[in-house]
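Here the structure is laid out as structure tokens; the discussion comes afterwards.
The values are calculated or read from the model by the stated rules, or taken from the named source; none is laboratory data. These numbers were taken from a predicted model, which means no experiment stands behind them. A quick note on method: Cβ atoms are made from the backbone with ideal geometry, for glycine too, and the neighbour counts reach across all protein chains shown.
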């Protein structure tokens, strides 16, 4: 998070618009979508130039995006990866067109062809691209069946392979379900495969494991990647960052294969965690940061300038007090012979598990408070 005065923001805005005043609306749009600055807050900065203004990302990041937009003519929506449209937000990329005014007119035209109580049973969005038309129509006609198709290889990148894998998985799943759900699985299998009525699912062979397709190293790599992303998201939640607020992420590991896997996936990690930057290091740098651990990986979320440290310490202290209170209550319960000796074993085991979890949460809160000191 970046905090500056209204006058500093206006000075920065004027610098970015030198020689291109016609782009003012686009720059204001970038401030709202990427920095979380609403239009009314921008207007208030004119009236109260000394009042503080909070931005969800740094001016450096905003300027980098803006310069790329101006110099390379890349749409801002593609650079931030999002495009608000109607009452929802789309994920967009250079592979698809951005919704335009005529797109809005097409939606209104399609909706106007039918009464609200007489929605079409079926409809199709041919050349769906970003899917904006399809999403808008699906939300307007929730009981209708719609198809969104596109012949662009870029817009449908990897989707053909994904559909083929999905079809194979679903087909083999019906074979395994057949002994338990014979009638339903038979109908689904015929609809999925298009087999004629003289062919029966019951007579198909049981799915066989293709051991040659197994790649334990790859599965381990993906598991570690998923866990790394989970830890980052947890740390963001602890810090109280907004979903739109970008923050740097640092991964610390001495394992070369894990480091390489994280570097290859850095773009995906940044997209999935709203990371301002992703660094993979062998040693932890100095500086205040929330820390998390997953196996042989340490995850750091630097928070200097992003959050109110005192408020964060207050929340962590409350979490610690809550955990300690829970520990005291559970321990007292377990120390009571009337409970430990007479309660059902499952109840006692659950109490011990809750105690262990509370102790873990307390230790985590202590460590995070120590990291912020």
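Does residue 293 satisfy being surrounded by 12 or more Cβ atoms within 10 Å (Cβ to Cβ) and not in a helix (DSSP H, G or I)? Yes, satisfied.
Is it the case that the stretch 44-64 has a residue that's surrounded by fewer than 17 Cβ atoms within 10 Å (Cβ to Cβ), without any contact (Cβ under 8 Å) to a residue 12 or more places away in the chain, touching a helix residue (DSSP H, G or I) at 6+ places or on another chain (Cβ under 7 Å) and assigned to a helix (DSSP H, G or I)? No. Applying the criterion of at least 1 residues that are surrounded by 11 or more Cβ atoms within 10 Å (Cβ to Cβ), modelled with pLDDT of 80 or more and in contact with a strand residue (DSSP E or B) (Cβ under 8 Å, 6 or more places away or on another chain) to the helices (runs of 4 or more DSSP H) found wholly in the stretch 81-200 leaves 101-112, 132-140. Condition check for residue 240 on (1) buried (at least 19 other Cβ atoms within 10 Å of the Cβ); (2) under 16 Å from the mean Cα position of the chain (by Cα); (3) closer than 23 Å to residue 54 by Cα: one failure, at (1). Residue 37 meets the stated requirement of being part of a loop (DSSP other than H, G, I, E, B), in contact with a helix residue (DSSP H, G or I) (Cβ under 7 Å, 6 or more places away or on another chain) and surrounded by 13 or more Cβ atoms within 10 Å (Cβ to Cβ). Does residue 353 count as in a helix (DSSP H, G or I), under 20 Å from residue 238 (Cα atoms) and under 31 Å from the mean Cα position of the chain (by Cα)? In short, no. Just checking, does the stretch 309-328 include any residue being in contact with a strand residue (DSSP E or B) (Cβ under 8 Å, 6 or more places away or on another chain), crowded, with 17+ Cβ neighbours inside 10 Å and either at pLDDT below 85 or closer than 23 Å to residue 251 by Cα (or both)? Scanning the stretch 309-328, I find no residue that is in contact with a strand residue (DSSP E or B) (Cβ under 8 Å, 6 or more places away or on another chain), crowded, with 17+ Cβ neighbours inside 10 Å and either at pLDDT below 85 or closer than 23 Å to residue 251 by Cα (or both), so the answer is no.
When residue 221 is tested against (1) more than 30 Å from residue 355 (Cβ to Cβ); (2) touching a helix residue (DSSP H, G or I) at 6+ places or on another chain (Cβ under 7 Å); (3) modelled with pLDDT of 90 or more; (4) part of a helix (DSSP H, G or I), just one condition goes unmet, and that condition is (3). Kindly provide the set of residues from the stretch 21-34 that are surrounded by 12 or more Cβ atoms within 10 Å (Cβ to Cβ), without any contact (Cβ under 8 Å) to a residue 12 or more places away in the chain and over 22 Å from the mean Cα position of the chain (by Cα), ordered by number. 24, the sole residue that qualifies.
Here is a yes/no grid of residues against (1) surrounded by 14 or more Cβ atoms within 10 Å (Cβ to Cβ); (2) in contact with a helix residue (DSSP H, G or I) (Cβ under 8 Å, 6 or more places away or on another chain); (3) assigned to a helix (DSSP H, G or I); (4) modelled with pLDDT under 85:
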{"site": "257", "(1), (2), (3), (4)": "no, yes, yes, no"}
{"site": "262", "(1), (2), (3), (4)": "yes, yes, yes, no"}
{"site": "267", "(1), (2), (3), (4)": "no, no, yes, yes"}
{"site": "272", "(1), (2), (3), (4)": "yes, yes, yes, yes"}
{"site": "279", "(1), (2), (3), (4)": "yes, no, no, no"}
{"site": "283", "(1), (2), (3), (4)": "no, no, no, no"}
{"site": "287", "(1), (2), (3), (4)": "no, no, no, yes"}
{"site": "299", "(1), (2), (3), (4)": "yes, yes, no, no"}
{"site": "305", "(1), (2), (3), (4)": "no, no, no, yes"}
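Residues that are in contact with a helix residue (DSSP H, G or I) (Cβ under 8 Å, 6 or more places away or on another chain) and without any contact (Cβ under 8 Å) to a residue 60 or more places away in the chain were ranked within the stretch 224-246; the one that is farthest from residue 37 (Cα to Cα) is 225.
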